[in-house]
Amino acid sequence: MAEIINMPRLSDTMEEGTVAKWLKKVGDKVEEGDILAEIETDKATMEFESFYSGTLLHIGVAEGETTKVDELLAVIGDEGEDVNAIINGAQATETVEEKTETPQETTADTAAPAAEMPEGVEVVTMPRLSDTMEEGTVASWLKKIGDEVTEGDILAEIETDKATMEFESFYAGTLLYIGVQEGESAPVDSILAVIGPKGTDVDAVLNASKSGGSAQTETPKSEPKKDTPVAKPEPVVESKPAATATTSTTAGGRILASPLAKKMASEKGIDLANVQGTGENGRIVKKDIESYKPVETSAPASTEVSGVQSFVPAGQESVEEVKNSQMRKTIAKRLAESKFNAPHYYLTIEVDMDNAMASRKQINNLPDTKVSFNDMVVKACAMALKKHPQVNTSWKGDTTQYNHHVHVGVAVAVDEGLVVPVLKFTDQLGLTQIGSQVKDLAGKARNKKLTPAEMEGSTFTVSNLGMFGIQEFTSIINQPNSAILSVGAIVQKPVVKDGQIVVGNTMKVTLACDHRTVDGATGAQFLQTLKAYMENPVTMLA
């Protein structure tokens, strides 16, 4: 009998998984205990073994695809067994949902055209003239109701969140209606004006636009053209807002040109001074740039007169979207929850590292012994947590959980982001044991071989960026911990000792605390204890 295999929950926080690789293909024989696939969770890529024997009859999630926990992953059964009924049954819920949505969408679509837009009428909406623009203010109208408008004419000057810009018409006709008066503001895509044949009933146009919520979706005879006002790509000149900013409607010593004409001229390397404008008041419009033919004799003169050639940037904008891994999505989710839910505050101290450096040198001179400064920080934190149990807590809403054990998490950077392997009962470990375990866990983390058990249960976290030259930084608390220690680089600088200025080695550490469980005085006392251990490492060996 066929057995359905669902996406397993391979960690406590896993909500969906990605199939990194299938180790079996449809038709292969599978024995209980065989590895079926490698599944990428929110914490690591893990091998998933089969609990059944038989033939792999169906794969529900292809390599590289993601599905939620408990969704259909595969089917194992007898060779030749019909699994269509099983697959269809597993997908029945989704099918029902799709069928229930279809009538609603059909009803909405059929109900949309409540009124018909008059022929030849164009509704002009407030354009989005910058990437962050949400509403615009009409600084001035250059046309009034009843004026004839031709394509390329400047209708109005619109103040965005970045500049005051000229807005040109993409249509020809009579300006029948102005929806936003000078000095008034309106959201993007709201009705700005109506252009159409003289004598058109404006009320019918406005009613038709309002009944469908959008004039563009209700004009059956010019739908392709209607899409243009929504996007308004031509008048958007975000990279050069100063060039499109308007200060005067007369020439005033400057060349009058529409924003689109300026953009096209810039892209084609055309000097607007050499272009004859055919628009209103001699304004250069789109068709003037399109029909412009350079005069051959003018090119040498231009290079002789100008001592400095203007540089016109050229190139192609390029972006790339990379699918977020499960680890990256979980990091984003958990750190956002921590930052927004836990009231963080930060305490920074500077530690004299001279004795620590001397002690580490002596320890590392012993055979088969290697201790890092980070190992010393982890040990000092574990011992300080035993003296300050308030820092070794977790907020539970109605209660505060006091952890009598000390499990220190050590943040490790990997290609996809960050993982935090945990040293269990850290206060009971010696420096060399801590060093050995950190090295082993960090290696597993970078090879994606950490098990969920090795990443769970931390009561405190240490994050060290000192090896990258970072002198001071703050971290986001790794929930459900109440604190995290950020460790900076050891810096050599002048310090005062016994009234004398000498060269010393110092290190800054910053403690981020959850104010719900750790008060400022408590955090400060913890740091004082930590400082005492670090400045006198022999006390950690007693």
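The values are calculated or read from the model by the stated rules, or taken from the named source; none is laboratory data. All of these numbers come straight from a predicted model, not from anything done at the bench. Note: ideal-geometry Cβ built from the backbone for every residue, glycine included; neighbour counts use all protein chains shown. Keep in mind that these areas ignore ligands, DNA and RNA; they rest on the heavy atoms of the full protein, side chains included. Shrake-Rupley method; radii C 1.70, N 1.55, O 1.52, S 1.80 Å.
Worth pointing out:
- Counting only lysines at least 8 places from residue 448 when in the same chain, those with an alpha carbon closer than 16 Å to its own are 21, 43, 439.
- Extension gain, residue 413-residue 3: 0.36 nm per intervening residue step, less the Cα-Cα distance, totals 143.7 nm.
- The gain in end-to-end length when the residue 287 to residue 13 segment is fully stretched comes to 92.7 nm, 0.36 nm per residue minus the alpha carbon separation.
- Hydrodynamic radius (Kirkwood) for segment 117-203, which is based on Cα pairs only, to one decimal in Å: 12.9
- Inverse of mean 1/r across different Cα pairs in segment 351-484, Kirkwood, Å: 15.7
- Of the peptides 511-522, 388-399, 255-266, the order by per-residue mean of other Cβ atoms within 10 Å, starting with the highest, comes out as 255-266, 511-522, 388-399.
- For the listed peptides 195-204, 346-355, a ranking on the average number of other beta carbons within 10 Å per residue, highest first, reads 346-355, 195-204.
- Whether segment 438-514 is rounded, prolate or oblate, judged on the alpha carbon gyration tensor where a/c under 1.5 counts as rounded: prolate
- Cα convex hull volume per residue for segment 289-420 (Å³): 381
- If you take the Cα centroid of segment 151-180 and the Cα centroid of segment 475-542, the two points sit 61 Å apart.
- Heavy-atom accessible surface of segment 404-521: percent carbon and sulfur, 1.4 Å: 53
- When peptides 474-487, 66-79, 327-340 are sorted by average Cβ neighbour count within 10 Å, with the highest value leading, the order is 474-487, 66-79, 327-340.
- Loop sites in segment 125-204: GluC sites (Glu not before Pro), DSSP, at most 12 other Cβ within 10 Å: 134, 182, 184
- Gain in span if fully extended, residue 350 to residue 318, counting 0.36 nm per residue against the direct Cα distance: 7.0 nm
- Close amide H pairs (under 5 Å, H built 1.01 Å from N) link residue 156 with 142, 167, residues at least 5 positions away or on another chain.
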